[in-house]
Amino acid sequence: SIITIVSRSEHLPRQPAMTTWKRSTAAAAAAAFAAFLLIHTASAFVVPSGNALSTRGSALGSSSGSSIMDHRNEDGEPSSSEGMSRRDALANSGAALASILLGGSALSWPTAAFGADYGTDKRTICLTGANSGIGYDAAVRMASRGHKIILACRTAAKARDTVDRIKADLADSGSTVNDSDLIPLECDLASLQSIDAFAKNVKAALGDDGIDSLCLNAGLARNTAAADVLRTADGFELTVGTNHFGHFYLNSLLLPKIKRNGRIVVTASGVHDPDGPGGAQGEKATLGDLVGLERDGVRFEMVDGAPFNPDKAYKDSKLCNVLFTRELQRRLDAAGTGITTNCFNPGLIVSTGFFRDQNPTFTKVFDFAATKLLKVGETPHWGGGSLEYMSLDKDVASKGGLFYSSPPGSRKYGDDAFGKQFTVTEASKEARDDAKGSKLWQLTEKLIADARSSA
């Protein structure tokens, strides 16, 4: 990778010191490649969707039609038996990373003439992924309004630290928050046991009170060059196991605590759509006929039964999020709960801990180019605003089963974008397959039951 050109591990044989010229050349090469890739990929945002760069080869001028993740040996180097050059490998890996970063939509954008209405009543919000990225910003925003926030973080230490940081940030802005309104709790979505404990702690902390908004926001994306299949504590493939199975199980446990006319919010992404600019780069999201779940059970590698691919696993998890949202709404309506559930795309936000497993040099250059140069990126603050809008706005709660998104670069409108540029958008064709959504739900329930019975 690029970063190994400019650093040296103490565990490797000592190499001659790199000259300043070589370091500068390496950095320039990384910047040039990131800029080249971004310009090619981002062009899909400004051309008609029918002309979007829809394949990895056309986006990067590569003759290779397969991903680098399929051509790695145990040491992470391209396999010579596959005949893939280092240039092709780097290009394909970059395309996969870009597809995760560029999570927008190429659809037309309605501009509804209404603003946000957050009301004045105090609410109780349960938020996963509250310690970083848009989750943290949303927590600060909603705490500043006086709402009670259950801060669900992967470890108890992260949750306690989040409370301290929120208090400090609010104090810096001249605001205060009651200690009882910030509830730090551990919730590792890669462990059904941890989710069980979290749900019990939530019920104990709230007593007879209920949840107004359950925000299923946390998520992870593995390095797009990863070749190994990491698994959750219960055996699920880590990406889909965390982003889909973990939140599915958490929702099932907390659903009885959600107030009538409450809401559920799911953080999805535009990369779930293979016809969108983010989804068209690298491997495309599709769950196929769900044969991976049916054939391999808990030990599946990919939902569609294919060999593991980290880029596609993330996109598939976001497709699962949208299918889950729609099927959950159907079931909520049938039960007459009055609860609504919606999902949303916060846009291209690179400067968060979410991409900590990606190549750091590429990601930094990509962030600068996307946010500062081409202005197609959003900031964590704006993304947190989109999560706050989904969690509090009165109009959002009026109808469920919907996917919200905005044109790239909508941060230039500030919070005025919410309810205008940021509004309901059509999800992908596969995400609107209600029969597949129902089948995914049933298989997810079965695999979670199987995992719990074998624990």
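Scalar couplings 3J(HN,Hα) for the range 449-454, obtained by applying the Karplus form with A = 6.51, B = -1.76, C = 1.60 to θ = phi - 60°, are 4, 5, 5, 5, 6, 8 Hz; x denotes Gly and Pro.
Per-peptide packing, taken as the mean over residues of other Cβ atoms within 10 Å, places 128-139, 438-449 in the sequence 128-139, 438-449 from highest down.
Among the listed pairs Lys259/Lys284; Lys122/Lys436; Lys203/Lys436; Lys200/Lys399; Lys284/Lys439, which are separated by more than 31 Å between their Cα atoms? Result: Lys259/Lys284; Lys122/Lys436; Lys203/Lys436 exceed 31 Å.
The packing ranking of peptides 333-339, 171-177, highest mean first, is 333-339, 171-177, where packing means the average number of other beta carbon atoms within 10 angstrom of each residue.
Compute the projected area of the convex hull of the Cα atoms of the range 206-262, averaged over all viewing directions, and report it in nm² to one decimal place. Before the final figure, lay out each step's value.
Numbers: hull surface 19.9 nm².
Mean orientational projected area (the range 206-262, Cα hull): 5.0 nm².
Just add up the charged neighbours of Asp209: K/R +1, D/E -1, any other residue whose Cβ is under 15 Å from the Cβ of Asp209. Local charge sum for Asp209: +3.
Here, each number is a calculation from the coordinates, and none is a lab measurement. Remember, it's a predicted structure, so these values are computed and weren't measured experimentally. Backbone-built Cβ (ideal geometry, glycine too); neighbour counts: all protein chains shown.
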